[in-house]
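First the structure, in the form of structure tokens, and then the observations on it.
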Amino acid sequence: MRVKMTVKFDCAVIGMGVSGVLLAKELATQGFKVVLFHDDKPINMSLAESLPATVNPLLERLGLMKYLQHEIHFPCSGTFSSWGAAQLQHPRLESTMQGHGWKVDKHGLVRQLAYDLPDSVVKLHKVISIERQPSHWLLGSKSNGQVIEVCARFVVDASGRQGYLPRALNISRHCFDKLMAFVVNVPRISGEKLSHPVLVEAQQNHWGLVSKMNQNQNMLAIFSNQASPDFELYKSFENWHEISQDSLYFKQFIPQEYSTKVRMVNASSHICSQLTGDNWLMVGDAAMSFDPLSSHGMTTSMYMAEKACHAIMQSFTGNRAGLADYSEQMTSIYNTYLNELVQRYNAEQRWQGSPFWQSKQQLKMTNECMLVS
Ligand SMILES: Cc1cc2nc3c(=O)[nH]c(=O)nc-3n(C[C@H](O)[C@H](O)[C@H](O)COP(=O)(O)OP(=O)(O)OC[C@H]3O[C@@H](n4cnc5c(N)ncnc54)[C@H](O)[C@@H]3O)c2cc1C
């Protein structure tokens, strides 16, 4: 059965990750009527995201500092890395001089923000259909077996890497690699020799990340692509000791006699060929995604939410320049990121014959068309 909600919303936000919930909050605070669609599928894995110290002014502006004081998040003094040399390098001086960054429980932060959303924000389940009309959008969602249809003047795609609007509007993406993350959440080993909450280590066919989630657990991740001869081995945790035997640090965090499922997560870099259009825009990973080596993903998602709010406000006053400025600014940020990323991978020259490192040391752009599903 189809139920039409006669309420007309100013803005529909698809996706309740960090970018979506923040943008919904900002728009509602400005007095707009917002409907926020969220997917309720259970979350069973933490990616133990960290934020650099440079994000602190943005966190202050967006009023997020108070949420980070909660015990589920904790301060983090930067990333220790073995990259380009075996020796462990300490966090760069400039990052420590700016104070500390953060280890964020991302799903916890989204829950905190969702709890504090203004009452005017209407929450509905996952979007299952979208239709563009001359003056508005019609969006469908399901609740208790009924299809609910709502009407909105403006649509924001905040649905993460899979992206909803690119598929619906057939917008292609520029893809720069096919990096995959193989992720496990494991118990911390008592008496860990290295107490660093975030550690990155380059190895011959991949790089590894150790990130402390809380007092009891670490997130371990191996980042690689099909160029690696070990690609299939990453998928079973029982192989991780063998794959990591040449590492100096990463292997120390792999618990003995522990079994767990490895989750494969897309960690590639892409940007959509169009970020805004007539009464729509994209924020966060839906618009552009980052290699986790950069720790840019969450920070840029938050920044995009802030800038998207201004662009949408201008668009409602009939000024479309805001949307064009938003696209231009985000594309420029992405270009800077791509240049830095290539430099970062080129700083590792120990395994010049490794197909994995060769594949990461140059940029290749492919276009992926998003077909309407
Ligand atoms: C292994 C790994 C490690 C990372 N580490 C870091 C790090 O250390 N620091 C950092 O800053 N970033 C990191 N990132 C990136 C960071 O997690 C993302 O950039 C950020 O979470 C993106 O937020 P988002 O709101 O755009 O998307 P998401 O968090 O993906 O949220 C999108 C939401 O939309 C929902 N959705 C999807 N389709 C629909 C639909 N049809 N209807 C309604 N809802 C829908 C999804 O279920 C999801 O809840 C990492 C990423 C990976 C893969």
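The values are calculated or read from the model by the stated rules, or taken from the named source; none is laboratory data. Treat the numbers as computed from the prediction; the structure is a model and nothing was measured. Neighbour counts run over all protein chains shown; Cβ positions are idealised from the backbone, glycine included. Protein only, heavy atoms only, side chains kept; ligands, DNA and RNA dropped before computing areas. Shrake-Rupley method; radii C 1.70, N 1.55, O 1.52, S 1.80 Å.
For the stretch 128-243, please list each of the strands (runs of 3 or more DSSP E) lying entirely inside it that holds at least 3 residues being farther than 25 Å from HIS270 by Cα, open to solvent by 30 Å² or more (accessible area, probe 1.4 Å) and not small (Gly, Ala, Ser).
The strands (runs of 3 or more DSSP E) meeting that bar number zero.
Mind checking which residues of the stretch 258-286 are touching a strand residue (DSSP E or B) at 6+ places or on another chain (Cβ under 7 Å) and either within 21 Å of ASN319 (Cβ to Cβ) or in a helix (DSSP H, G or I) (or both)?
LEU275, ASN279, TRP280, LEU281, MET282, VAL283, ALA286
Restricting to the stretch 294-332, give me the number of residues that are among the small types (Gly, Ala, Ser) and without any contact (Cβ under 8 Å) to a residue 60 or more places away in the chain.
Qualifying residue count, the stretch 294-332: 8.
Could you say which residue among ILE333, ILE271 is closer than 22 Å to GLU49 by Cβ, open to solvent by 30 Å² or more (accessible area, probe 1.4 Å) and among the hydrophobic types (A, V, I, L, M, F, W, C)?
Result of the check over ILE333, ILE271: ILE333.
Select from the stretch 24-80 the residues that are in contact with a helix residue (DSSP H, G or I) (Cβ under 7 Å, 6 or more places away or on another chain), modelled with pLDDT under 90 and exposed (fewer than 15 other Cβ atoms within 10 Å of the Cβ) and list them in ascending order.
Once the filter is applied, which keeps residues that are in contact with a helix residue (DSSP H, G or I) (Cβ under 7 Å, 6 or more places away or on another chain), modelled with pLDDT under 90 and exposed (fewer than 15 other Cβ atoms within 10 Å of the Cβ), the stretch 24-80 yields only ILE43.
Any residue in the stretch 50-72 that is assigned to a strand (DSSP E or B) and more than 10 Å from the ligand (Cβ to nearest atom)?
no
Go through the stretch 217-269 residue by residue and tally those that are of a type in the set (Val, Ile, Thr) and closer than 20 Å to SER295 by Cβ.
Number satisfying all stated conditions: 2.
Name every residue in the stretch 287-306 that is outside any loop (DSSP other than H, G, I, E, B), near the ligand (Cβ under 6 Å from one of its atoms) and of a type in the set (Gly, Ala, Ser), in order of residue number.
GLY297, SER301
Hey, any hits in the stretch 307-326 for a residue that's assigned to a helix (DSSP H, G or I), surrounded by 19 or more Cβ atoms within 10 Å (Cβ to Cβ) and within 9 Å of the ligand (Cβ to nearest atom)?
There is no residue in the stretch 307-326 that is assigned to a helix (DSSP H, G or I), surrounded by 19 or more Cβ atoms within 10 Å (Cβ to Cβ) and within 9 Å of the ligand (Cβ to nearest atom).
Quick one: would you say GLY277 is near the ligand (Cβ under 8 Å from one of its atoms) and in contact (Cβ under 8 Å) with a residue 60 or more places away in the chain?
Taking the combined requirement at face value, the residue does not satisfy it.
If you take the residues of the stretch 204-221 that are of a type in the set (A, V, I, L, M) and modelled with pLDDT of 95 or more, which of them is nearest to the ligand (Cβ to nearest atom)?
Applying the filter and picking the extreme gives ALA221.
Go through the stretch 218-244 and count every residue that is under 21 Å from the mean Cα position of the chain (by Cα) and touching a residue at least 60 places away in the same chain (Cβ under 8 Å).
Residues flagged as under 21 Å from the mean Cα position of the chain (by Cα) and touching a residue at least 60 places away in the same chain (Cβ under 8 Å) within the stretch 218-244 amount to 6.
Considering only the stretch 348-367, state which residues are surrounded by fewer than 13 Cβ atoms within 10 Å (Cβ to Cβ) and either in contact with a Cys (Cβ under 8 Å, 6 or more places away or on another chain) or at pLDDT 95 or above (or both).
GLN349, MET365, THR366, ASN367
If I ask for residues that are among the aromatic types (Phe, Trp, Tyr) and closer than 22 Å to LEU179 by Cα, which ones from the stretch 277-318 would you list?
Within the stretch 277-318, PHE290 is the sole residue that qualifies.
Of the residues that sit in the stretch 107-139 and are free of Cβ contacts under 8 Å to residues at least 24 places away in the same chain and within 13 Å of the ligand (Cβ to nearest atom), which one is farthest from TYR164 (Cα to Cα)?
The selected residue is ARG111.
Just give me the residues in the stretch 11-33 being more than 16 Å from the chain's Cα centre (by Cα), part of a strand (DSSP E or B) and within 14 Å of the ligand (Cβ to nearest atom), in sequence order.
ALA12, VAL13
With the checklist (1) modelled with pLDDT of 90 or more; (2) in contact with a Ser or Thr (Cβ under 7 Å, 6 or more places away or on another chain); (3) farther than 17 Å from GLN204 by Cα in hand, flag the one item THR331 doesn't pass.
Condition not satisfied by THR331: (2).
Kindly list, by first and then second residue, each pair from a residue in the stretch 333-357 that is of a type in the set (Gly, Ala, Ser) to a residue that is open to solvent by 60 Å² or more (accessible area, probe 1.4 Å) and in a helix (DSSP H, G or I), limited to pairs with Cβ atoms under 8 Å and residues at least 6 apart or on different chains.
So the pair list comes out empty.
Of the residues that sit in the stretch 244-259 and are loosely packed, with under 15 Cβ neighbours inside 10 Å and in contact with a helix residue (DSSP H, G or I) (Cβ under 9 Å, 6 or more places away or on another chain), which one is nearest to VAL155 (Cα to Cα)?
SER259
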